[in-house]
Every structure is written in structure tokens, then in C-alpha cells.
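Asker: Have a look at this one.
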């Protein structure tokens, strides 16, 4: 046997983490606590000492570029004496015992499908899409009995908050909260300087690991927190009422669909679906699999553009399948955001089926301009954009009903005055043009 000497001396605060025997772990740590370094070395150490054949380990950041910039240097340094191959192009290291460690980005979840892991670190889990864990990562650990570690700094009561609460409550989890005021990792004078230059909410969130602090720049989080009873409601599907669908179509990333029914006191948000990089046929199958009777399916304005691959627009393909289609006009994003803020108070979300979409609404936020020291007018484009863009389509339609002072809110009111188009109408128009063309040729002859 060969003795292995690893060049890593852990900080005292992370010794308990390295010595854990629980399968699942959640670390809530303040900025500059060294959580990424600790986790990368933990990943490497467990890969070195594993007895599993062809072991595979992964580090996942919200974005692939972020994984490369944050962890790649740390990983290469950790494995400088144990690596036999380093693949720069794929951010992969192969160790002397055949184990591999690879870096990934949560912005491309399809790259994680079909692989297996014996252990995985998910960094800044709150910035990743909520479905990443249950739908993508967890299945990759099942047959190998792999382990997982979630790390991050609070950003409001999002899915990382839910994971931290679960870790705190369940015995088979390792749970650690590291606050700057208790860790002794940052000098008091540095903490004082940061506290002087950050507002109270920023300091509580970034340094004191507070999930209660409001996340600056979010559009709807404060309002959704006020409406917690409506956000966590039971809103079953009513088969006596039609369903209206509002969507955001992603051609190279995610597509999102909200399913809405009219209620006497507002709107019932009964369902939410999202998928990544899927063809239209996937969504047709999804819509057909639901027990709903569709009154209208709204598509974004760019759905009228023709695809170079098929030569047909998304609208034409939906119509060919017989769906009752509407196309939303192109409106300013801020108009839609204002509409969402107006109609949210009249919405009741079915918690069981819309949680992922609501998480997206909570996380939707503006860009921070470091030079001007102010928030920009444009939202951040990340995983939260898709559910938020789709919900904006619904809110614009619902706002029309509210502002019209009708007794009962009516989400059916059109966002434009274009008539509803059906496939039969297109066929009739096609036949009319053929007949007219034939009559003209007869006259010429």
C-alpha cells in the first residue's frame, strides 16, 4: 500500500464537516468563510480514499463559467499530487485510482442527465433552478448510494432555505450555520468596515446568514411573503371550468407554462410546468396528458417567427394540432411587472403543483449596476426569467379585467383585439383563395 499525504489543512470551523458520516449535508456560510475551498478538498479527499470502481464525483455551480472561475484552480491545486490526467476542455481530473472529478454548470442540466455520481457538491444552490435537485441530481446518486452537499449564502426564503430547514430538522443530515459574528474567520475591523458600507439587510444576509432579510432587487418576493396563505393554498382543478394557459417558449433553454382557472374571488393558479431544451412535440404530449379542457393557450409574440428548421412558426404548429391559440402582443417588460404586482393579490396558487413556478417569481430580480450604484431597468436573465415571463402574459390579461371595473375578474379578456384564429378558419381561407384564383384564370382564358 502507498501512503497518501494530502497538502490540505482544514480550518477549525470545517473539521466537523470533514468528519461527518451523514449522506446529506447543508452548509449555510457567510461570505469569504472558505466554504468552496473546504468542499472542493472534501470532494477530492473522498475521491482519493474511495474503494468504489470507476467512481465519479461532481462540483456544480449555478453557471458553467462560474464553476470554472471559482473551483477549477482549487481543484487542480488539491489534486496536484494525485491526478494522472487533467482535461482542461471538460474541467475534469482523473486520479491515480481511476476516480474522476468533474465541474458542471446548472445552466445546462441536460449535461448532467445520464451520468452517475458517488458524491456531488452543489454550490450556491439558491441561485440554481429549484428542480435541479429532485429531477436531475438525485437520480444520478441513487444506484451508487452517492452523497450530496448543498452550500450557499441566504438569498431570501427560496429553495435553499427549504433545504436548510430540512437539514436542521432531520437527523440523517449534517447541518452547519456559520455566521461572521461567530466564526472568527474575518478580522473585527473588516467586519466593521463592511457593516459601515453595507445597509442592514445586506449585512444580515451576506455576513449573518439571515434568510429573513429582504433580497434587494427582487420584484415580487416581499409581496409573495405577505400573501403566504394564498401562495400555499389548495386549489384543485375544477372540471366544470375551462383552463387558460400562459407560456414562455424557450428555443434553446427552458419553456414555462402556467395553467389558470377563473374563480369567484379571483384566479386559481392550478398548475405549472417547465422543461429545458425540449422540442414542441414534448409540450404537445404534455398538454394532451393533462385532464384539462383548454379555452385558450397564449404564446409570446415571438412565436409568430418561422423556424429555419421546419419552415413553420410555433403558432402554426400549435394550430395544426388543433389548440385554441392566442398570441400576446409585444409590450414593455415593466408594464408586465406592474401588472403582476397588481393581480397577485387576487391569485391563489395550488402549492402542490406550482411550487417551482412560485420559486421563480420569488427569485426574479433586477440587475445591479456597480458603476452607477443603482438597479437597472432590466431584470436578470436566469432560470427565474422563464416562469416570470410566462406569468407576465397572464397578468397583463388579468389586469385588463381589474381596470375595467367588472364585478368578476375575467382573465379571458384579450390583450389585443385580434380575432381568435382556428385551424378550420385557416382551411376555409385557403379554399377561398384557391377558388378566387381559379375564377380569375377562367376570365383571362
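Since every read-out is calculated from the coordinates, none of them should be taken as a lab result. These numbers were taken from a predicted model, which means no experiment stands behind them. FYI the Cβ positions are ideal-geometry reconstructions off the backbone, even for glycines, and counts take in every protein chain you see.
Asker: Rounded if a/c is under 1.5, else prolate if a/b beats b/c, else oblate: with a ≥ b ≥ c from the C-alpha gyration tensor eigenvalues square-rooted, which is the stretch 104-171?
Answerer: Working: a/c = 2.22, a/b = 1.33, b/c = 1.66.
Oblate is the answer for the stretch 104-171, as a/c is 1.5 or above yet b/c matches or exceeds a/b.
Asker: Can you tell me the length gained on complete extension of the stretch residue 165 to residue 351, counting 0.36 nm per residue apart and subtracting the Cα distance?
Answerer: Working: separation 186, 0.36 × 186 = 66.96 nm, distance 1.79 nm.
My answer for the length gained is 65.2 nm.
Asker: Then there's this: Work out, step by step, the length gained on full extension between residue 376 and residue 145: first 0.36 nm times the residue separation, then minus their alpha carbon distance; give nm to one decimal. Display every interim value, and only then the final one.
Answerer: Working: separation 231, 0.36 × 231 = 83.16 nm, distance 4.50 nm.
78.7 nm is the gain from fully extending residue 376 to residue 145.
Asker: Let me ask something else. Would you please give the FRET efficiency between residue 9 and residue 172, computed as 1/(1 + (r/R0)^6) with r the Cβ-Cβ distance and R0 = 35 Å, to the nearest 0.05? All intermediate terms of the calculation are to be shown ahead of the outcome.
Answerer: On the way: r = 29 Å, r/R0 = 0.83.
Approximately 0.75, to the nearest 0.05.
Asker: How many angstrom lie between the Cα centre of the stretch 178-255 and the Cα centre of the stretch 324-356?
Answerer: Answer, in whole Å: 19.
Asker: For 175, 381, which order do you get if you count the other beta carbons within 10 Å of each Cβ and list the fewest first?
Answerer: Details: 175 19, 381 11.
Final ranking by Cβ density, sparse to dense: 381, 175.
Asker: For the chain, set up a GNM with springs between Cα atoms under 10 Å and report which of 45, 353, 285 has the largest fluctuation.
Answerer: The residue that fluctuates most here is 285.
Asker: Let me ask something else. At residue 85 and residue 184, where each label point lies 7 Å from the Cα along Cα→Cβ, what is the point-to-point distance in nanometres?
Answerer: Each label point lies 7 Å from its Cα, and together they span 4.6 nm.
Asker: In what sequence do 163, 198 fall when counting other Cβ within 10 Å, fewest first? Intermediate results must be reported in sequence, preceding the final value.
Answerer: On the way: 163 22, 198 14.
Arranged by neighbour count, lowest to highest, 163, 198 become 198, 163.
Asker: Can you give me the angle between helix 188-197 and the longest principal axis of the chain, using Cα atoms only, in degrees from 0 to 90, rounded to the nearest 10?
Answerer: So the helix axis and the longest Cα principal axis differ by about 20 degrees.
Asker: For each of 49, 257, 116, count neighbouring Cβ atoms within 10 Å of the residue's Cβ, then give the residues from fewest to most. Present the calculation step by step, with values, prior to reporting the outcome.
Answerer: Numbers: 49 11, 257 24, 116 15.
Starting with the residue having the fewest Cβ neighbours, the order is 49, 116, 257.
Asker: As I understand it, the value is the acute angle between the Cα axis of helix 280-289 and the longest principal axis of the Cα atoms of the chain; what does it come to in degrees, rounded to 10?
Answerer: Taking the Cα atoms of the chain, the angle to 280-289 is about 80 degrees.
Asker: Using only DSSP helix segments of four residues or longer, with each worth -39500 (n - 2.57), what per-residue ellipticity at 222 nm results for the chain after dividing by its residue count and rounding to 500?
Answerer: Numbers: 16 runs with 163 residues, N = 445.
That calculation yields -11000 deg cm²/dmol at 222 nm.
Asker: Once you have the Cα-Cα distance between residue 265 and residue 198, take 0.36 nm times their residue separation minus that, and quote the gain in nm to one decimal.
Answerer: Working: separation 67, 0.36 × 67 = 24.12 nm, distance 4.24 nm.
So the extension gain works out to 19.9 nm.
Asker: Can you tell me the 0 to 90 degree angle between the C-alpha axis of helix 64-78 and the longest principal axis of the chain, rounded to 10?
Answerer: Tilt relative to the chain: about 20 degrees.
Asker: Between 351, 35, 290, where does the largest GNM mean-square fluctuation fall for the chain, given springs only between Cα atoms within less than 10 Å?
Answerer: Residue with maximal mean-square fluctuation among 351, 35, 290: 290.
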